Amino acid sequence: MSYLVIAYAFAVALLGGFLIWSLRTLRDLDRR
Amino acid sequence: MNPFLVAVAVARKDLLSEWRTREMVPALAQFIVLALLIGNFGFQIDSRNAPSIAPGILWLTLVFAGLVAFGRTFGAEREQASLEAMLMTPASPVAIFAGKALAASALLVACEAVLLPALSLFFGTPFSGAIVFVVLLATVGMAALGCIFSAIVARVRARELLLPLLTLPLWIPFIVAGGQAVQSAMGLPGSYDQAIGLLIDFDILFVVLTSLAARFVLDE
Amino acid sequence: MKVNRYEKAAAGAVALMLVAFAAIFFYAPTDWLQGAVQRIFYLHVSSAIAAYGCFTVVLLGGLVFLRNESYAADRWARAGALVGVIFTTVTLVMGSLWAKKVWGQFWVWDARLTSTLVLWIIYAGYLLVRRLAEPGRQAARIGALVGIFGFVDVPVVHFSVTWWVTQHPGPVIVNDALPPEMLATFLFTMFCTIVFAAVLVVIRYRIETLRDAKQVLVEPAKVVSARQPEPVP
């Protein structure tokens with residue numbers, strides 16, 4: 001059961017983190 | 001200009017240059033010695049399990065030797081200067097590429113000519129035409145791929161790191177099929193003929209692909 | 001704070017993924033053979049498919065670039081490669097955790113896992129080569145070639161390993177038949193993941209475009225230096 005949780009937590013962290021980081025990079029580039 | 005003649009001429013030039021300097025001989029020789037030493041002291045090898053272990057040692061050695069041999073086809077600075085000169089002639093880039101790949105293959109085949117009998121001698125595994133055929137067949141495809149990536153990374157930083165990183169994934173099919181073929185030839189279960197068929201298919205596929213790519217890679 | 005249209009698209013994609021997660025955890029039935037851990041496979045397989053889609057973008061971008069030197073095509077390739085590697089990472093990690101629970105070990109050298117690992121190595125290599133090469137034409141060209149060889153290699157590796165396994169028969173494990181609720185959940189998750197990947201690729205494309213534009217402004221004059229003459233041997 002915990003393997004399931006770890007798996008999805010990892011996916012959410014990686015995909016979500018990547019999305020947020022990309023959006024922030026985009027904002028930074030737009031500002032300058 | 002006849003492409004075959006061009007290829008042969010380029011191959012001859014490379015081989016003559018290698019013959020004069022003999023830089024590759026110690027490099028390749030050390031792999032052979034290493035293979036024998038590690039095979040003997042790294043494994044608990046005896047006459048019963050030798051056919052299980054020897055194919056692995058063979059392929060490990062071929063891969064490392066191949067990386068060295070093909071990495072040098074386009075690596076050296078002198079090579080790049082003479083390459084630029086050749087590209088200014090009307091000779092087809094594919095023919096030039098073929099010539100260099102041919103020369104590098106010849107060097108690797110020379111290494112194999114020592115390695116295969118040595119393995120058989122030191123580990124007691126069979127030495128047959130079937131095994132030689134496998135290795136020669138695999139060398140064709142591995143040479144095409146090794147040389148094209150050598151050319152691709154020739155002008156990039158950290159090419160000693162990049163060459164194995166890019167080449168090894170493409171060599172995996174050869175190692176899988178070739179490994180099985182050698183194992184079969186040494187008496188282990190598995191089909192030799194199917195493995196050979198696969199090697200031929202891979203050779204055709206990758207020789208065609210690298211020939212198409214050569215034009216883009218060499219034409220800077 | 002003004003929300004730009006990329007952020008709106010991202011919000012929409014995230015919302016879709018949340019709905020998919022709801023389906024995965026509350027709608028799909030529990031697998032009687034594997035238990036709860038089987039739910040991993042919905043996102044695991046969807047990520048793999050999204051990754052293949054991204055790498056197709058890399059392939060097409062590379063081919064178009066080789067054909068007509070379109071730097072826009074190259075930017076799509078760069079965007080696709082990065083997003084693809086991220087999704088492949090997700091696939092590998094989720095797959096390993098599932099394998100540990102179901103097969104008792106994190107890794108098995110079967111065709112699917114091996115070719116997915118090779119896929120990761122190839123496109124991580126793609127990103128590294130591009131970073132190390134001279135930005136611009138050299139990097140784009142090398143990228144295109146690596147992308148093409150890499151794309152061809154993955155099915156070849158998959159095929160080789162599948163064949164190798166037939167030479168060494170062992171226990172066959174996978175049961176692929178799916179009851180309708182599971183199939184529906186899987187298809188829906190796949191759709192949402194692909195949309196999410198597409199949004200990410202478009203965002204990264206925009207980032208690459210803005211970065212390239214800044215490069216041009218920052219380097220107004222590039223001095224062309226003559227190549228040092230090689231000493232004649």
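No lab work stands behind these numbers, since they all come straight from the coordinates. No experiment lies behind these values; they were computed from the predicted model shown. No Cβ is skipped: glycine too gets one built from the backbone with ideal geometry, and neighbour counts run over all protein chains shown.
What the table below lists for this structure:
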item: Estimated dipole of the protein assembly as shown in Debye, rounded to 20 [Cβ of Lys and Arg +1, of Asp and Glu -1, Cα centre]; result: 1520
item: Excluding exposed DSSP-loop trypsin sites (Lys or Arg not before Pro) (at most 16 other C-beta within 10 Å), longest clean stretch of chain C; result: C:3-221
item: Label-point gap, in nm, between B:Leu5 and C:Val202 - each point 7 angstrom along Cα→Cβ; result: 5.9
item: Whole-Hz couplings from phi, Karplus 6.51/-1.76/1.60, listed for segment B:180-194; x for Gly and Pro; result: 4, 4, 5, 4, 4, 5, 8, x, 7, x, x, 8, 5, 5, 5
item: Rg(Cα) / (2.2 N^0.38 Å) computed for the protein assembly as shown, rounded to two decimals; result: 1.09
item: Proxy reagent accessibility, fewest Cβ within 10 Å first, across C:Val37, C:Val195; result: C:Val195, C:Val37
item: Relative contact order of chain C, pairs being alpha-carbon contacts under 8 Å that are 6 or more residues apart, as %; result: 31
item: FRET efficiency, C:Arg137 to B:Leu16 (Cβ-Cβ, R0 22 Å, nearest 0.05); result: 0.05
item: Candidate lysines for bridging to B:Lys100, where Cα separation is under 30 Å - those fewer than 8 sequence places away on the same chain excluded; result: B:Lys13
item: Computed label-point distance, nm, for sites C:Ala213 and C:Leu18 using a 7 Å Cα→Cβ extension; result: 3.2
item: Candidate lysines - alpha carbon under 24 Å from C:Lys2, same-chain residues fewer than 8 apart omitted; result: C:Lys214
item: Theoretical FRET efficiency, 1/(1+(r/R0)^6), r = Cβ-Cβ of A:Arg24 and C:Trp107, R0 41 Å, to 0.05; result: 0.75
